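Accompanying notes for the structure given below.
Coordinate-derived values only; no laboratory data. Quick caveat: nothing in here was measured; it's all calculated off a predicted structure. Don't worry about glycine lacking a Cβ; one is built from the backbone with ideal geometry, like all the others, and counts go over all protein chains shown.
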Amino acid sequence: MDINMTLIGQLIAFVVFVIFCMKYVWPPIIGAIEERQATIADGLAASDRAAKDLELAQEKAKSQLKEAKVQAASIVDAAKKHEAKIVEEAAGKAQAEKDRILAAGHAEIETERNRAKEELRAQVAVLAVAGAEKILERSIDAAAHSDILDKLVAEL
Amino acid sequence: MSSGAELTSQEYIVHHLANLKVGEGFMAVHLDSLGWSIFLGLVFLTIFRSVAKKATSGVPGKLQCAVEMVVGFVDESVKSTFHGKNALIAPLSLTIFVWVLLLNSMDWVPVDLLPHLIHWVSGIPLGDIYMKPVPTADPNITFGLALGVFILIIYYSIKVKGMGGFMKELTTQPFGHWSLYPVNFILETVTMLARPLSLALRLFGNLYAGELIFLLIATIGLFQLPVHFLWAAFHLLVIPLQAFIFMMLTIVYLSLAHEDH
């Protein structure tokens, strides 16, 4: 084992290399590594957050859907009720109209009949008078005997 | 591959364990160890710097991914052991881990490949070519690294605890009585010195032994090929493990230096 200046040379090279490494090699590389680690950690945290958000949104959507279904059912229910009511009302109205029209018809028929009866009576009176005139072969003073004729008409 | 029929096995191994050396005595320099060491350090810094320059916190490229895996691994190791705030320890650990890993990886280069390449390119006779390409199998390299770590241990011990605190730590334990303080000091100093020593010797020992076994295998003739393969496959375990141990112990020692008793 001979120890000589090689040792000193190696020592100097060692010092120079370590200083170079400390100044120009280590900081940029470890800096890049640590920066990337931070970025990855952020990314993972963000994806975690996003997954949680998604879950929340899905839950919200589900509950909203349920609510909407309930609402829709209640609307349909109300509509059905409303429809039934409208039909009922319409039926009631139609019935009333029918009754009214029927009543009007009946009334008209009544008045028409009365009028016809009246007319008939008058004509019968005239015919009776004319018949009587012919039977009596003489003129009867219509005016003088109108009270008798009226009585006759009323008896018809 | 034997480098020459005229060499005995012993001569072959000794030749391959000799460094390419210039200078004499303590002023000598192992050009192969130090050259490969600096070259591989520059490879590490070039690759990592090119990624650092284009580092994006968005979608990373394939090279950035690979580099980030290493950086993330080192960062995790540091954070699991060292709990203070220190801008040096993490890049220091990264440098140690990747650099030592690359230095150890030279063990996978076939022992005769580089000498023969040099011979083929330059025409220098094989007997004159000295090339020991595994820098961590050279104690100068591992002690150089360990000495750097040791200086940092002392520096942070004094910085965090103060000179008084550091001396108190060296003298007042494990024995609480004042008359035993010199004994404590000796014990603690040995403990202190054992740290860089064990760091350097563990790495050197493992890689030197690995290199030596490769050389031994290279002398057994035709059957060396499957054996080389097995030994290289075993080094898939040794090479990263030794780099990791060196880094981990550096972190542990520095976090001990930061602990205030």
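For a Förster distance of 51 Å, can you work out the FRET efficiency between the beta-carbons of B:I154 and A:D53, rounded to the nearest 0.05? It would help to have the intermediate numbers written out before the result.
On the way: r = 58 Å, r/R0 = 1.14.
The computed FRET efficiency comes out at 0.30.
At what distance in nm do the modelled label points of A:E155 and B:F234 sit from each other, each positioned 7 Å from its Cα along Cα→Cβ?
Reported label-point gap for A:E155 and B:F234 is 16.6 nm.
Scan chain B and report its longest stretch carrying no GluC sites (Glu not before Pro) that are both in a DSSP loop and have at most 10 other Cβ atoms within 10 Å.
Details: sites that count: B:E6, B:E24.
Longest stretch, sites excluded: B:25-261.
Hey, in the GNM for chain B with a 10 angstrom Cα cutoff, which one of B:N19, B:N86, B:N140 fluctuates hardest?
B:N86
GNM, chain B, Cα, under 10 Å: largest mean-square fluctuation among B:H119, B:H15, B:H235?
Its mean-square fluctuation being the largest, the pick is B:H119.
Restrict the search to region B:44-146; then list the trypsin sites (Lys or Arg not before Pro) that DSSP places in a loop and that have at most 13 other Cβ atoms within 10 Å of their Cβ.
Numbers: sites: B:R49, B:K53, B:K54, B:K62, B:K79, B:K85; in loops: B:K54, B:K85.
Qualifying residues, ordered by number: B:K54, B:K85.
Cut-off under 20 Å on the C-alpha distance; same-chain residues fewer than 8 positions from A:K52 excluded. Which aspartates and glutamates are left, in chain and number order?
Qualifying aspartates and glutamates at Cα under 20 Å: A:D42.
How many nm separate the modelled label positions at A:A107 and A:A78, each set 7 Å beyond the Cα in the direction of the Cβ?
Calculated label separation equals 4.2 nm.
What FRET efficiency, computed as 1/(1 + (r/R0)^6) with R0 = 22 Å and r the Cβ-Cβ distance, is obtained for B:E76 and B:I245, rounded to the nearest 0.05?
Details: r = 16 Å, r/R0 = 0.74.
After rounding to 0.05, the efficiency reads 0.85.
Between 0 and 90 degrees, rounded to the nearest ten: what's the tilt of helix B:113-122 against the longest Cα principal axis of chain B?
For helix B:113-122, the angle is close to 60 degrees.
Among A:C21, B:C65, which comes first, then next, by fewest other beta-carbon atoms within 10 Å?
B:C65, A:C21
How high is the relative contact order of chain B, in percent, counting Cα pairs under 8 Å that sit 6 or more residues apart? Write down the numbers at each step before the final one.
Values: 255 pairs, mean separation 74.7, N = 261.
Answer for chain B is 29 percent.
Sticking with the crude label model, points 7 Å out along Cα→Cβ, report the distance from B:V14 to A:I148 in nm, one decimal please.
A separation of 19.7 nm, rounded to one decimal place.
Set the Förster radius R0 to 56 Å, insert the Cβ-Cβ distance between B:V183 and B:T46 as r into 1/(1 + (r/R0)^6), and round the FRET efficiency to 0.05. It would help to have the intermediate numbers written out before the result.
Values: r = 51 Å, r/R0 = 0.90.
For B:V183 and B:T46, the calculated efficiency is 0.65.
When chain B is treated as a GNM, springs tying every alpha-carbon pair under 10 Å, which of B:Y208, B:Y155, B:Y181 comes out with the largest mean-square fluctuation?
The residue that fluctuates most here is B:Y181.
Please get the size of the charge dipole for region B:9-258, origin at its Cα centre, with Cβ charges of +1 on Lys and Arg and -1 on Asp and Glu, quoted in debye to the nearest 20.
Dipole size: approximately 940 debye.
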